[in-house]
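**Student:** Sharing a structure with you now.
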Amino acid sequence: MFLALKEIQHEKLRYGLITLMFILISYLIMILMGMMLGLAHENTAAIDSWGTQTVFLSKNSNDSLSQSLISQEKRPNYRPDHMATIGVAPAVAKQGKDKENVQFVGLNRNEFIFRDKLQLTAGRKAQNNREVVTDQSLKNKGFKIGDQLRLNSQGPKLKIVGFVKNAQLSVAPVVYGSLTSWRQLRSVQPNIVGSALISDQAMSTATAPKLQHYTVKQFVNKLPGYSAQNTTFTFMIGFLMIISLVIIAVFLYILTIQKLPHFAVLRAQGIPAKNLISSTIYQSLLLVAVGAAGGILLTLLTKQVLPEGLPMEINWLAIAGLSLALLVLGIIGALLPVRVIAKIDPVAALNQ
Amino acid sequence: MDDAMIIKDVNKSYGHGVGRVHVLKDVSFSAALGELNLVLGPSGSGKSTFLTIAGGLQTPDTGQVIIDGQDINKLSHQQKEHLRLDKIGFVLQSYNLLPYLTVQDQFKLVDRVKKAGNLSAGQLDQLLEQLEIKKLVNQYPSELSGGQNQRVAIARALYTDPQVVLADEPTASLDSNLVKVVGQLFQDLAKQNNKAVVVVTHDLRLKQFADRIWDLSDGKLTQE
């Protein structure tokens, strides 16, 4: 530790540049992770906010929420405290010259999602079929409480009475209205009651035998593009981690090789190899730890300055996991030259 | 005088078959406490091999190297490391100083590896004063002259209070004035600090400081 710190202290420029490189590597990985989580969040924020555990769709919906239509006959009786019918339809919300692609979600006012799960940030909940609350991102785009929204060109005209947070579905802001408005929007048959049944409890297929049963994980993975997008990001981050390992290992290896003449002298003087190895590993860990900390700091700063529309999510568990992974990469990188240190021939010190 | 180091009938060869080179041939040597031994020889005469075998860095093909009553060839790898740390002080051509440690940190490094038996703070002060480098303790090796570096390297070698000091071409890059300073230093080291000092060199200017002079040529060591 003594040797490691003294060397860093003396070789400030060299170790500063190496640390900067490690910071940039961890920053790149963390920012990508943040964007992946941000996009994932925008796909599922509403579903997460409902505390969803189980989803039922119609059997011929081909796993698509927007294509699912549940009829009165197929819907089982249920307790509205833990299950709710929702009607989902993509729509274009227009207010004056403003247009926005939204997901309209129709709710029953006596069921748990409407009663307990809407997280109001301004205004109040809807009190009739002509009122809606919307995701607060619309507020940031110029929509106000009291505005009249027209959904699609022929759809109903609805008044915004409140804004809620965590109301996004398939990367679009949600407009929460009534199931009556949804029926109007979708122009469905009178016996159609909604698109899906949502429960905040784990339920079995037997709960609604005429409908298709999904756990929340299965359902989310079936959301259009969600799985492909996450897999792409995961592979990008995975490859980046592998490339980072190679870069970190190569740098640490070169650093160690440059120190071999000094190590040879120390070995000739009787300094045990284990001291030199532990010093090398400690130094590597320190550099990677500072790199990870710097990466976290830059990621947090970036989150502050990113424009509103760019999705980015800070998840401390994921950041802790990534930092740990970087430290493990650092240890692996530091362990590669250990054999070289252990095999140093102290006789080399006399030939310098 | 007591022999701190005895080398008996040491042979060392490199290579195989027709390429085999017999570097040391039945070499015997002894160095006593309080004595400066000078091993002279031209380049390629086997001086470095002699020094590495004497310091336990290499094992001879045959023969014995006895330091402090122990045949070091019978010691394990770790025991040899301990012996080098405790009983032998190396002064190398490259001054054996780490460039990123100040003079005082060079000693602190030893303290971290060898917890006991090093010079006390008072003894170190005295040694630094004797070597006229006490004012340089906060300097890095790159900030010192060749002669100052050489004296720091000597202090570093003596800090573990070794019985034997082995020096490899200590005057290789020094001018005549500094050769005298370094030669005197090694002589004082042997006499005042009661060490067995072995200097391997081809620099004849050091002869005037030596108690015994050895000649190594064609692998054979003879005392003048």
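The values are calculated or read from the model by the stated rules, or taken from the named source; none is laboratory data. Only a predicted model underlies this, so the values are computations on that prediction, with no experimental measurement involved. Using ideal geometry, Cβ is built from the backbone for each residue, glycine included, and neighbour counts are taken over all protein chains shown.
**Student:** Examine the stretch A:151-158 for a residue that is outside any loop (DSSP other than H, G, I, E, B) and in contact (Cβ under 8 Å) with a residue 40 or more places away in the chain, and state whether such a residue exists.
**Tutor:** Yes, some residue in the stretch A:151-158 is outside any loop (DSSP other than H, G, I, E, B) and in contact (Cβ under 8 Å) with a residue 40 or more places away in the chain.
**Student:** Inspect the stretch B:147-170 for any residue being part of a loop (DSSP other than H, G, I, E, B) and more than 14 Å from chain A (Cβ to nearest Cβ) and give the result as yes or no.
**Tutor:** No.
**Student:** Now for a separate question. Keeping to the stretch A:142-166, report how many residues are over 27 Å from A:Val188 (Cα atoms) and exposed (fewer than 14 other Cβ atoms within 10 Å of the Cβ).
**Tutor:** Final tally of qualifying residues: 3.
**Student:** So which of A:Ala4, A:Ala46, A:Ala40 ends up being within 14 Å of chain B (Cβ to nearest Cβ), assigned to a helix (DSSP H, G or I) and aliphatic (A, V, I, L, M)?
**Tutor:** Of the residues listed, the single one that is within 14 Å of chain B (Cβ to nearest Cβ), assigned to a helix (DSSP H, G or I) and aliphatic (A, V, I, L, M) is A:Ala4.
**Student:** Still on this structure, please answer the following. Which residues, taken from the stretch B:191-224, are surrounded by 15 or more Cβ atoms within 10 Å (Cβ to Cβ), touching a Gly at 6+ places or on another chain (Cβ under 7 Å) and small (Gly, Ala, Ser)?
**Tutor:** Passing the criteria: only B:Gly219.
**Student:** Could I ask something else about it? List pairs: first residue in the stretch B:177-188 and among the charged types (D, E, K, R), second residue at pLDDT 85 or above anywhere in the structure, Cβ distance under 8 angstrom, at least six positions apart or on different chains.
**Tutor:** That search, which allows pairs on different chains as well, returns B:Lys180/B:Arg205.
**Student:** Being surrounded by fewer than 20 Cβ atoms within 10 Å (Cβ to Cβ) and touching an Asp or Glu at 6+ places or on another chain (Cβ under 6 Å) is the requirement here; does B:Asp188 meet it?
**Tutor:** Spelling it out, it is not the case that B:Asp188 is surrounded by fewer than 20 Cβ atoms within 10 Å (Cβ to Cβ) and touching an Asp or Glu at 6+ places or on another chain (Cβ under 6 Å).
**Student:** Can you pull out every residue in the stretch A:226-246 that is without any contact (Cβ under 8 Å) to a residue 24 or more places away in the chain and not aromatic (Phe, Trp, Tyr)?
**Tutor:** A:Ser227, A:Ala228, A:Thr231, A:Thr232, A:Gly238, A:Ile242, A:Ile243, A:Val246
**Student:** Mind listing just one residue for me: the one in the stretch B:103-116 that is surrounded by 15 or more Cβ atoms within 10 Å (Cβ to Cβ) and farther than 12 Å from B:Arg156 by Cβ and, of those, nearest to the other protein chains (Cβ to nearest Cβ)?
**Tutor:** Taking the candidates together, the pick is B:Val113.
**Student:** Of the residues A:Val265, A:Val347, A:Val340, which is out of contact with any helix residue (DSSP H, G or I) (no Cβ under 6 Å at 6 or more places or on another chain) and closer than 30 Å to B:Lys115 by Cβ?
**Tutor:** Answer to the check: A:Val340.
**Student:** With respect to the numbered conditions (1) within 14 Å of another protein chain (Cβ to nearest Cβ); (2) at pLDDT 90 or above; (3) more than 18 Å from B:Ala157 (Cβ to Cβ); (4) out of contact with any His (no Cβ under 6 Å at 6 or more places or on another chain), which one is the sole condition not fulfilled by B:Gly44?
**Tutor:** (2)
**Student:** Of all helices (runs of 4 or more DSSP H) completely enclosed by the stretch A:268-352, which ones contain at least 3 residues that are within 14 Å of chain B (Cβ to nearest Cβ) and not aliphatic (A, V, I, L, M)?
**Tutor:** Where helices (runs of 4 or more DSSP H) fall fully within the stretch A:268-352 and carry at least 3 residues being within 14 Å of chain B (Cβ to nearest Cβ) and not aliphatic (A, V, I, L, M), they are A:273-305.
**Student:** Please indicate, with yes or no, whether at least one residue in the stretch B:58-74 is of a type in the set (S, T, N, Q), in a loop (DSSP other than H, G, I, E, B) and within 8 Å of chain A (Cβ to nearest Cβ).
**Tutor:** yes
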